[in-house]
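Participant: I have a structure I would like to understand better, so I am pasting it below and will then ask my questions one at a time.
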Amino acid sequence: MSTEQAPATTGEGSVRDEALAAAVRPRRFGAWYVAEHRLRSMRAYGGTIVIGGIGQPLLYLLGIGLGLAAFLDQPVASGAHGPVSYLWFVAPALMASAAIGVALDEFTYAVLEGFKWRRLFWAMNASPVSPDQIATGLVIAVVGRMGFVVVAYGVLVVLFGATGSVLGALLTPVVAVLGGLAFGLPLLAYSASIKEETGQFAVVQRFIFTPLFLFSGTFYPLATLPIWLQPIGWVSPVWHAAEVGRALSYGSPPGAWPMWAHLLVLVAMAAGGWVVGRRVFVRRLR
Amino acid sequence: MADVWVGSPRVLAVNPVIEARALTKTYGELVAVGGIDLQVAPGESFGLLGPNGAGKSTTMRMIGAVSQRTSGTLSVLGLDPDTHGPEIRSRLGVVPQEDNLDTELTVRDNLIVYGRYFGIPRAACARRADELLDFAELADKAKVKVDALSGGMKRRLTIARALINEPAVLMLDEPTTGLDPQARHVLWDRLFRLKERGTTLVVTTHYMDEAEQLCDRLVVVDHGRIMAEGSPAELIRTYSTREVLELRFGSSRNAQAAVDLADLAERIEVLPDRVLLYAEDGEAVLAQVRSRGLDPTTSLVRRSSLEDVFLRLTGRSLIE
Ligand SMILES: Nc1ncnc2c1ncn2[C@@H]1O[C@H](COP(=O)(O)OP(=O)(O)OP(=O)(O)O)[C@@H](O)[C@H]1O
Ligand SMILES: [Mg+2]
C-alpha cells in the first residue's frame with residue numbers, strides 16, 4: 001500500500017491545507033455516501049425486497065379485485081362522479097400502507113443496529129461525514145426502497161385497472177412515499193433515541209402500525225366508523241395519503257377534506273419527525 | 001493557532017500535528033479528562049498509557065473531532081475540531097476501541113464502502129482496498145464476510161480501513177486488547193511498518209509492553225491527568241531502577257518480609273502476591289536476601305518496565 005503514502009507534511013501545502021481540500025467532497029456529498037452504503041447493505045436482502053414489493057400488491061389486488069369485490073353488491077365509496085369500484089377505493093390505501101411497511105422495516109431494527117449492535121454509525125461518524133448527513137443518508141436510501149415498492153404497486157394498479165385516472169396513478173406513488181415518511185421520520189427519531197431494545201418495536205408494530213392500518217379507512221370509508229374511533233384516522237398517515245390518492249384517482253366526494261389539508265398534515269408529520277430525528281442523531285453521535 | 005502555520009515548509013515540518021493545552025472533558029460531575037497538555041510531532045509515534053477509565057478514549061475522541069471538549073484548546077492538523085471537524089476527520093485514520101466493521105459486507109467491500117465516505121472515487125477505493133488487503137495480510141480473505149474473521153484479522157481489517165484515506169495521523173485506541181500473543185505480534189509488526197514509513201501514530205494502551213514496543217514518546221495518564229511524559233527509556237530511568245527483584249513469600253508473609261528487607265533496595269513495593277525490590281543489581285540484592293536467612297518461595301530478577309513506572313507514579317498496577 002503506502003509506499004506512496006503521503007508524508008505528514010508535504011513541501012507544497014501543509015497538512016492543514018490538505019485537510020481543507022480533503023473535506024470539500026464529504027461536506028457536499030456525505031449523505032449520498034451513507035445512502036450508497038445502505039443501499040449496498042440492502043442488496044443482502046434484495047430478493048425479499050423485490051419479491052415482497054411485487055408479490056404483496058399482486059396478492060392484494062388479485063384477492064380484493066377478484067375475490068372480495070365480487071361479494072360486495074353495493075358500492076362502498078363514492079368519488080366526485082358517484083360510486084366507484086371497491087378496487088379503486090382500496091388501491092391508494094394499500095399503496096400507502098406498503099410505503100409505511102418499508103418505513104417500519106428500515107427505521108426500527110436497522111437504526112439500533114447502527115447505533116448499538118453493529119455500531120456502523122460510529123464508524124461513519126469517525127469519517128468526514130457528520131451526524132446529520134448520516135441521518136439524511138439513511139432517509140435517502142429508505143426513500144429509494146419505498147420508491148421501488150410504490151412504483152411496482154403503481155404499475156400493477158394500472159395493469160389491474162385499479163385506478164380511475166392514469167395521471168392520478170402516476171402521482172399516487174409520490175403521495176404514498178410522503179405517507180411513508182410521515183410515519184417513518186417520527187419513528188426514526190424514536191428509534192434513534194432508544195438505548196436498550198426491550199420489545200419497543202413489537203409494540204410499535206402491534207399497537208401503532210396495526211391499528212393505524214385497520215382504523216384508517218383502508219377497507220371502508222373512515223366516516224362509517226363511530227365518531228369516537230375516527231380520530232385514529234385523522235392522525236394516521238395511511239388515511240391522509242389514501243385520501244389524497246383517492247382524490248387523484250377518482251376525485252373527492254362532496255364534503256371530503258380538501259387535498260391540501262391532507263398534504264399539510266403529512267408534510268407536518270414528516271417535517272416534525274425529521275427535525276427531531278436529526279437532532280437525536282447529532283446528540284447521540286457527538 | 002492558524003498563524004503558527006504561516007511560514008516556510010521547513011518550519012512547518014516541526015510544527016505539531018496535534019497540540020492540546022488544558023484539554024478538559026467532563027460528563028456532568030465526572031471529570032473524564034482533567035486538563036491535559038500534549039504535543040505530537042509529524043512522524044512521531046505517541047502513546048497514552050493508562051488504566052481503565054483513565055480518559056484515553058475520551059482524549060482520542062476529542063482529537064478525532066467526534067466529541068466536543070468542555071474547555072481548553074485543541075488543534076489537530078492546525079485546525080480546531082469545533083469548527084473544522086470534517087476537515088480533521090478527512091485526514092485522520094481511526095481504529096476505535098471496539099470494532100465497528102460492517103459484518104454483513106465482505107472484507108473488501110468494507111474497505112471500499114469506507115473509502116467512499118472520504119469522497120474517494122470508486123475505482124480508486126477498489127485499487128487501494130487491494131493494496132491494503134495485501135498490507136494487512138488479508139488478501140485471501142477478500143471475499144469472505146467479516147463475521148468469519150478471527151479477532152486478530154478483524155483488528156487488522158480495521159487498521160486497513162483506517163488507512164484507506166492515506167491519513168496524516170493514525171489513531172489507535174487499544175489496538176491489541178483482547179488478542180492472543182501471536183495475533184498481537186502480527187499486529188505490532190504491521191504497525192512498525194507504518195512507523196518506518198513515517199506515519200504519525202497515536203496509540204492508547206494499558207499494556208506496558210505495547211507502549212514500549214510502539215511508542216517513541218508517551219504520557220502516563222491516570223484519572224484524566226498526565227502523571228509523566230517521556231520516552232519509555234527516559235521514564236524508566238527517571239521513575240525506576242535498572243532492575244527489579246520480585247519475591248514471593250506467600251501472601252501472609254509478604255508484608256513482614258518487606259519490612260525486614262527495606263534497607264536492601266532503593267524502593268520496595270508490596271503487592272498482594274509479591275514484593276518488588278528496586279535496585280541497580282537485582283542478583284546482588286537477592287544474594288543479600290538469602291544471606292539474611294529469608295527464603296522466598298520464588299524469586300525473579302528482571303529489568304524495570306513501564307509497569308514499574310506506573311506503580312511508582314500511582315501506587316497501583318496498570319492491569320488488575
Ligand atoms: N459518554 C460518556 N458519558 C459519561 N461518562 C463517560 C462517557 N464516556 C466516558 N465516560 C467516563 O469517562 C471516564 C474516562 O473514560 P474513557 O473511556 O476515556 O477511559 P479509557 O482510558 O479509555 O478506559 P478503558 O481503558 O476502559 O478504555 C470513565 O469514567 C468513563 O466512565
Ligand atoms: Mg478506552
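Participant: In the range B:274-288, which residues are within 16 Å of B:Gly315 (Cβ to Cβ) and either part of a helix (DSSP H, G or I) or open to solvent by 50 Å² or more (accessible area, probe 1.4 Å) (or both)?
Facilitator: B:Arg274
Participant: Can you name the condition, by its number, that B:Leu264 falls short on among (1) closer than 30 Å to B:Leu38 by Cα; (2) open to solvent by less than 60 Å² (accessible area, probe 1.4 Å)?
Facilitator: Every condition holds for B:Leu264 apart from (1).
Participant: Can you pull out the helices (runs of 4 or more DSSP H) entirely within the range A:213-286 that have at least 1 residues that are within 14 Å of another protein chain (Cβ to nearest Cβ) and within 20 Å of A:Leu138 (Cβ to Cβ)?
Facilitator: A:259-285
Participant: Within the range B:105-113, identify whether any single residue is more than 16 Å from ligand 2 (Cβ to nearest atom), within 29 Å of B:Gly34 (Cβ to Cβ) and more than 7 Å from chain A (Cβ to nearest Cβ), and answer yes or no.
Facilitator: Checked the range B:105-113: no residue is more than 16 Å from ligand 2 (Cβ to nearest atom), within 29 Å of B:Gly34 (Cβ to Cβ) and more than 7 Å from chain A (Cβ to nearest Cβ).
Participant: Taking the condition within 16 Å of ligand 1 (Cβ to nearest atom), among the hydrophobic types (A, V, I, L, M, F, W, C), surrounded by 22 or more Cβ atoms within 10 Å (Cβ to Cβ) and outside any loop (DSSP other than H, G, I, E, B), does B:Val203 pass?
Facilitator: Spelling it out, B:Val203 is indeed within 16 Å of ligand 1 (Cβ to nearest atom), among the hydrophobic types (A, V, I, L, M, F, W, C), surrounded by 22 or more Cβ atoms within 10 Å (Cβ to Cβ) and outside any loop (DSSP other than H, G, I, E, B).
Participant: Just to verify a result, which residue in the range B:53-66, among those that are within 8 Å of ligand 1 (Cβ to nearest atom) and within 11 Å of another protein chain (Cβ to nearest Cβ), is most open to solvent (accessible area, probe 1.4 Å)?
Facilitator: Checked the range B:53-66; the qualifying residue most open to solvent (accessible area, probe 1.4 Å) is B:Arg61.
Participant: Could you list, in sequence order, the residues of the range B:31-52 that are part of a loop (DSSP other than H, G, I, E, B) and open to solvent by less than 10 Å² (accessible area, probe 1.4 Å)?
Facilitator: Result: B:Gly50, B:Pro51.
Participant: Tell me, please, whether a residue that is open to solvent by less than 50 Å² (accessible area, probe 1.4 Å), modelled with pLDDT of 95 or more and more than 10 Å from chain A (Cβ to nearest Cβ) can be found in the range B:114-124.
Facilitator: Yes, because at least one residue in the range B:114-124 is open to solvent by less than 50 Å² (accessible area, probe 1.4 Å), modelled with pLDDT of 95 or more and more than 10 Å from chain A (Cβ to nearest Cβ).
Participant: Shifting gears a bit: Among A:Gly114, A:Gly53, A:Gly63, which is the only one that is in a helix (DSSP H, G or I) and open to solvent by 30 Å² or more (accessible area, probe 1.4 Å)? Give the steps one after another, and end with the answer.
Facilitator: On the way: A:Gly114 fails: open to solvent by 30 Å² or more (accessible area, probe 1.4 Å); A:Gly53 fails: open to solvent by 30 Å² or more (accessible area, probe 1.4 Å).
Sole residue among the options that is in a helix (DSSP H, G or I) and open to solvent by 30 Å² or more (accessible area, probe 1.4 Å): A:Gly63.
Participant: Check B:Val244 against each of (1) open to solvent by 10 Å² or more (accessible area, probe 1.4 Å); (2) touching a residue at least 12 places away in the same chain (Cβ under 8 Å) and name the one condition it does not meet.
Facilitator: Going through (1) open to solvent by 10 Å² or more (accessible area, probe 1.4 Å); (2) touching a residue at least 12 places away in the same chain (Cβ under 8 Å) one by one, B:Val244 breaks only (1).
Participant: Within the range B:77-95, does at least one residue satisfy the condition of being over 26 Å from A:Val15 (Cα atoms), more than 8 Å from chain A (Cβ to nearest Cβ) and either surrounded by 18 or more Cβ atoms within 10 Å (Cβ to Cβ) or free of Cβ contacts under 8 Å to residues at least 24 places away in the same chain (or both)?
Facilitator: Checking the range B:77-95: not a single residue is over 26 Å from A:Val15 (Cα atoms), more than 8 Å from chain A (Cβ to nearest Cβ) and either surrounded by 18 or more Cβ atoms within 10 Å (Cβ to Cβ) or free of Cβ contacts under 8 Å to residues at least 24 places away in the same chain (or both).
Participant: Additional query: Consider B:Leu235 against the criteria (1) within 16 Å of ligand 1 (Cβ to nearest atom); (2) away from chain A (no Cβ under 14 Å): it satisfies all of them except one. Which criterion is unmet?
Facilitator: (1)
Participant: Looking at A:Val24, A:Val34, A:Val15, which one is facing another protein chain (nearest Cβ under 9 Å), closer than 24 Å to A:Val111 by Cβ and surrounded by 13 or more Cβ atoms within 10 Å (Cβ to Cβ)?
Facilitator: A:Val34 is the lone residue from the list that is facing another protein chain (nearest Cβ under 9 Å), closer than 24 Å to A:Val111 by Cβ and surrounded by 13 or more Cβ atoms within 10 Å (Cβ to Cβ).
Participant: Right, here's the next one. Would you check if there is a residue in the range B:203-226 being over 14 Å from the mean Cα position of the chain (by Cα), farther than 23 Å from B:Arg21 by Cα, within 16 Å of ligand 2 (Cβ to nearest atom) and among the hydroxyl-bearing types (Ser, Thr, Tyr)?
Facilitator: No; the residues of the range B:203-226 include none that is over 14 Å from the mean Cα position of the chain (by Cα), farther than 23 Å from B:Arg21 by Cα, within 16 Å of ligand 2 (Cβ to nearest atom) and among the hydroxyl-bearing types (Ser, Thr, Tyr).
The values are calculated or read from the model by the stated rules, or taken from the named source; none is laboratory data. Since the model is a prediction, treat every value here as computed from it, not as a measurement. Ideal geometry is used to build each Cβ from the backbone, glycine not excepted, and the neighbour counts take in all protein chains shown. Please note that ligands, DNA and RNA were not included when accessible areas were found on the heavy atoms of the full protein model with its side chains. Shrake-Rupley method; radii C 1.70, N 1.55, O 1.52, S 1.80 Å.
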